[in-house]
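The values are calculated or read from the model by the stated rules, or taken from the named source; none is laboratory data. This one's a predicted model, so the numbers in the text were calculated from it and none came from an experiment. Counting neighbours? That spans all protein chains shown, and the Cβs are built from the backbone with ideal geometry, glycine included. Note: accessible area is taken over every heavy atom of the protein model, side chains too, but ligands, DNA and RNA are not part of it. Shrake-Rupley method; radii C 1.70, N 1.55, O 1.52, S 1.80 Å.
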Amino acid sequence: MCGIVGYLGHREAYPILIKGLQRLEYRGYDSAGIAIYDGETIKMSKTKGKVSDLIDCVKEEIDTKGTLGIGHTRWATHGVPNKVNSHPHYSNSGNLVIIHNGIIENYETLKKELTKRGYAFHSDTDTEVLVNLIEDIQIKEKIKLGKAVQVALNQVVGAYAIAVFDKNKPNEIVVAKLGSPLAIGIGDDEFFIASDASPFIEYTKNAIYLEDEEMAIIRRGKKIRVRKISDDSLIDPYVQELQLNLEQIEKGGYEHFMLKEIYEQPSAILDTFRGRLLSDQAIIKMSGIEDNMKRFLNAPRIIVVACGTSWHAGLVSEYIFEDLARIPVEVEYASEFRYRNPVINENDVVIAISQSGETADTLAAIKLAKSKGAFVFGVCNVVGSSIAREADAGAYTHAGPEIGVASTKAFTTQITVLTLIALRLARAKGTISSSDFRRHLLELELIPEKVKTALTTDDIVKTIANVYKNSRNFLYLGRGYNFPVALEGALKLKEISYIHAEGYPAAEMKHGPIALIDEHMPVVVIATNKGHYDKVVSNIQEIKSREGKIIAVVTKGDTAVKELADYVIEVPETIESLTPLLTTIPLQLLSYHIAVMLNKNVDQPRNLAKAVTVE
Ligand code: G6P
């Protein structure tokens, strides 16, 4: 998984490429590189490390003059992160230069063929094989770059978003897409290429999102030509007007994107239900649900597929759907589901949850479900993303861009959308009374304010972070609706502070994790006054008698837990099904502060990527 950028126009390409790469670093940041062409010389600089390291290298290595350029930020799949494996890659003649996001699965076979034909390879990447395949075809068949790219891609198995140029064509970049995202920004006599629109948002609001199996030939001063890779047919591309603005993708005074995004949750949740939750009329309006109501009501079950944090939101939804709408729900890791020959029936509804809408496993899972006739509903944040487009219908979370790798506002807005869906279905099925339905709507409307209050726990959370920051392990416990929150709290800590943490259903503790508890083990327990409060209090007592350190998230005004716990964090009261939206807030803050105190890279934790577009 990687980020790609490109520019062809009348401005100097370098500053545009560098700024674009910085915005795309959420996609990968183990190495970076650029190539700039001034019509005479191709200048390339690349390095292991971040875009900031690349800037230093560029200063020493190349002059940056030129109005055509491409750049790449890498998340290694084939070949370790080092300078040689970084993109761009040259073809053997030095004429072609390529950047690539994705995986060429049959690269070994292609490499053997090309080696026999005299090609030499300097890196361990699949990408270098692709660029030489294009060159081989170009020379063998005496055809232009665009045609050679097309022929080559028809021989390739895998996923890609590529941009390639030819030294002999100083006014042209060829791009193509299958599986990985690729957007083209269209300005006045200038074109921008990127994995998402954030690198070019300040230059143009007009963009084309290439569809799978499409390629485009971008020429200076000419109209873009988009073609189908498989049969060469010309396509009239849809030019979208982007809704994104610059402010949304900058840090706005916060030290990290993650902190900004944690604090954006009140407004993000409000944006999620704006226009959908009409409490004065006691209705929920979501066109994706209304238009497909029959499919939902006839479904014998709902299968939720997702990965990572989105999977945790899926687990919360299992409780909501079963509790309120009485529809059986199965929550599956997309990566398992896609390969385990699952039983999928035509009447099943599959809900795919994905912040980015690009996660490869989730995309593959929904393709599988669709092939078996199931109806697929997408819950995505990124508008126009692959999953949003592949699904039969869907609902966006409208959380705004999430840049921090550790997901925060995506989680709470996913839960909000799923709650709206469950409530709407419960009303349609008659499994919720009108007074209870209204109560839920009114309570949901109060959530943004209550999240704001939950955010005021920041100081006490910082104190707790300081006390426990050097612990080697953490345990997170919760029951019912708050069991997935415990999993999510543990995941946040692991992701950004690299401390081992486990989430567990509180009652399961006695079947194993209790053996780990001693005076060195901080245990974060979610113990709100709703749900199984007394049982959780008993669990807390069990921890206390084994000298574990107790950090409890409780409902404001709690007294019983206060007496037992080492620290309590109070969140406002709400109805049980909505507690995850509040209890998760201090857990996000706890992981954030610990990571900052340990001097970790909060927004770009090691080995992770924001969107995993490879298996
Ligand atoms: C990556 C990210 C996680 C995210 C997961 C699923 O692992 O680092 O934060 O939860 O992918 O991503 P999605 O975009 O499908 O929600």
remark   = Classified through the alpha carbon gyration tensor (a ≥ b ≥ c as square roots of its eigenvalues; rounded if a/c is under 1.5, else prolate when a/b is larger than b/c, else oblate), the range 348-415 comes out prolate
request  = Kindly state, to the nearest 0.05, the FRET efficiency for Lys372 paired with Glu330, given R0 = 22 Å and r defined as their beta-carbon distance.
outcome  = 0.90
Taking N as its residue count, the alpha carbon Rg of the chain over 2.2 N^0.38 Å = 1.01
message = As a test question: what accessible area, to the nearest 10 Å², does Thr613 have when a 1.4 Å probe is rolled over all protein chains in place?
response = 10 Å²
Gain upon complete extension [Asn154, Lys142; 0.36 nm per residue less C-alpha separation] = 2.6 nm
request  = Pop a pseudo-label 7 angstrom from the Cα along the beta-carbon direction at both Glu12 and Asn106 and give the gap in nm to one decimal.
outcome  = 4.5 nm
task = Give, in nm to one decimal, the length gained when the segment between Leu516 and Lys469 is fully stretched (0.36 nm per residue of separation minus the Cα-Cα distance).
result = 15.1 nm
note = Quick shape check on the range 50-128: root eigenvalues a ≥ b ≥ c of the Cα gyration tensor, a/c under 1.5 is rounded, otherwise prolate if a/b tops b/c, else oblate, and it reads prolate
query = What's the angle, to the nearest 10 degrees (0 to 90), between helix 434-455's Cα axis and the longest principal axis of the chain?
reply = 70 degrees
Proximal aspartates and glutamates relative to Lys223, as straight alpha-carbon distance under 14 Å, when same-chain residues fewer than 8 apart are discounted = Glu172, Asp188, Asp189, Glu190, Asp236
request  = Please work out whether the range 256-454 counts as rounded, prolate or oblate from its C-alpha gyration tensor, where a ≥ b ≥ c are the square roots of the eigenvalues and a/c under 1.5 means rounded, while otherwise a/b larger than b/c means prolate and anything else oblate?
outcome  = oblate
remark   = Expressed in nanometres to one decimal, the distance between label points 7 Å along Cα→Cβ at Glu202 and Glu113 is 4.5 nm
Spatial separation of Cα centroids for the range 100-152 and the range 20-98, in angstrom = 19 Å
request  = Any chance you could get the radius of gyration and Dmax over the Cα atoms of the range 451-535, in Å?
outcome  = 13.1, 37
inquiry  = What figure, in Å² to the nearest 10, do you get for the accessible area of Val614 with a 1.4 Å probe and non-protein molecules left out?
reply    = 10 Å²
request  = Rank these residues by their accessible area, most exposed first, probe 1.4 Å: Ser52, Ser123.
outcome  = Ser52, Ser123
Accessible surface of the chain [probe 1.4 Å, protein heavy atoms]: carbon and sulfur percent = 48 percent
message = Using a Förster radius of 45 Å, what is the FRET efficiency between Glu247 and Arg439 based on their Cβ-Cβ separation? Nearest 0.05, please.
response = 0.80
The range 53-63 - phi-based ³J(HN,Hα) in whole Hz, Karplus 6.51/-1.76/1.60, Gly and Pro as x = 5, 4, 4, 4, 5, 4, 4, 7, 9, 9, 8
inquiry  = Give the residue list of GluC sites (Glu not before Pro) in the range 514-570 that are DSSP loop and have at most 16 other beta-carbon atoms within 10 angstrom.
reply    = Glu519, Glu547
task = Show which lysines lie in cross-link reach of Lys65 when reach means a straight Cα distance below 19 angstrom and same-chain residues fewer than eight apart are skipped.
result = Lys19, Lys43, Lys46, Lys167, Lys169
query = How far is the Cα center of the range 283-320 from the Cα center of the range 394-439, in Å?
reply = 9 Å
task = Assuming R0 = 35 Å, can you tell me the calculated FRET efficiency for the pair Lys65 and Lys223, based on Cβ-Cβ distance, to the nearest 0.05?
result = 0.80
Helix axis angle, 107-116 relative to the chain longest principal axis, alpha carbon, degrees = 20 degrees
key: Spatially proximal aspartates and glutamates relative to Lys600 (Cα-Cα < 17 Å; intrachain offsets below 8 disregarded)   = Glu25, Asp30, Glu255, Glu495
query = To the nearest 10 square angstrom, how much accessible area does His10 have with a 1.4 angstrom probe?
reply = 110 Å²
query = In what sequence, largest accessible area first, do Arg23, Arg340, Arg219 appear using a 1.4 Å probe?
reply = Arg340, Arg219, Arg23
key: Flagged links, alpha-carbon separation over 30 Å, of Lys140/Lys367; Lys370/Lys452; Lys251/Lys452; Lys48/Lys205; Lys452/Lys494   = Lys140/Lys367; Lys370/Lys452; Lys48/Lys205
query = Ordering Arg427, Arg74 from largest to smallest accessible area (1.4 angstrom probe), what's the sequence?
reply = Arg427, Arg74
key: Overall Cα dimensions of the range 3-248 - principal axes, largest extent first, Å   = 51, 43, 32
note = Taking the square root of 5λ for each eigenvalue of the C-alpha gyration tensor of the range 456-615, the equivalent ellipsoid has semi-axes, largest first and in whole angstrom, of 24, 17, 16
key: Accessible surface, the range 256-454, averaged per residue in Å² (probe 1.4 Å)   = 35 Å²
key: Theoretical gain in end-to-end length, Tyr238 to Arg274 [0.36 nm per residue, Cα-Cα removed]   = 10.2 nm
